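The values are calculated or read from the model by the stated rules, or taken from the named source; none is laboratory data. Just so we're clear, the structure is a prediction, and the values are computed from it rather than from any experiment. Cβ coordinates were reconstructed from backbone atoms using ideal geometry, including for glycine residues, and neighbour counts include every protein chain displayed.
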Amino acid sequence: MKKIFCVTLCLLIILSVAGQANYSGAYGYSFPPVGDAPANEKGASGMLVLLKMDGNKYRFWLDITIGWPSYNIGETDGTVTFINDTASFDNSFEDATAPCILKFKIKEDIISINSQSTSFNCGFGNSVNADGEYTKLKTQPLLDNNWLKKEYNQSPTITIAADKATVYEDENCIHAKKQYFVKGDKLLSIAETEKTVYVEYIPSPGKFVYGWIKKTMVKETSTE
């Protein structure tokens, strides 16, 4: 009985450790240009950034270019949930008219992406696709709020007016999170409804705050 208990306990510990894996970080690839390219021209490259949300759910940003000579690019972002070592992104759940489906598989420090859709469906440039192996970068970029602003360079900045603005899980602001912003905080307005705003914020590397706040908490909006 004791042996069985010990084996069971060890398995539970292993599963617990596996469940706590954090894949946050930047992954990428880079190749020299194909063909007789002039000096200093660049080849195909890709960058995938993951930020842990809750549990095994991650926010991701994907940027790709095929390099010389056209330098066509592809950009997309969304959320994925890893089950064991795999995850899927399907923007049709977000009411997209052209479904972009990407399959993620992680093994140690490499994430493989297999696209199930055309470049057009994902909003990529001609001949651009997400397929490839993205290796975790040895030198990680500083993933802070300044980095986030570059990803959303067209998004307006909002300023919190209330002394305390609660963050909610849903756009109707019914399910409150144990997070809030304070008066004077400046945030990126990623999306909005008539009465609420979806925000994302990285107060420090490794921290990621996201959710909905009420527009009554907002003082002003700018594009600075």
Kindly provide the set of residues from segment 34-68 that are in a strand (DSSP E or B) and either aromatic (F, W, Y) or farther than 30 Å from F208 by Cα (or both), ordered by number. Y58, F60, W61
May I ask you to say which residue of K150, K207, K178 is surrounded by fewer than 15 Cβ atoms within 10 Å (Cβ to Cβ) and assigned to a strand (DSSP E or B)? K178
Report whether or not T166 is part of a loop (DSSP other than H, G, I, E, B) and on the phi < 0 side of the Ramachandran plot. no
Taking the criterion of being touching a Leu at 6+ places or on another chain (Cβ under 7 Å), in the same structural domain as I73 (by TED's automatic domain parsing) and in contact (Cβ under 8 Å) with a residue 24 or more places away in the chain, would at least one residue in segment 90-102 satisfy it? no
Among the residues of segment 88-122 satisfying the criterion of being polar (S, T, N, Q) and closer than 18 Å to M47 by Cβ, which is modelled with the highest pLDDT? S112
Under the condition of being assigned to a loop (DSSP other than H, G, I, E, B) and small (G, A, S), which residue from segment 123-143 is nearest to K107 (Cα to Cα)? A130
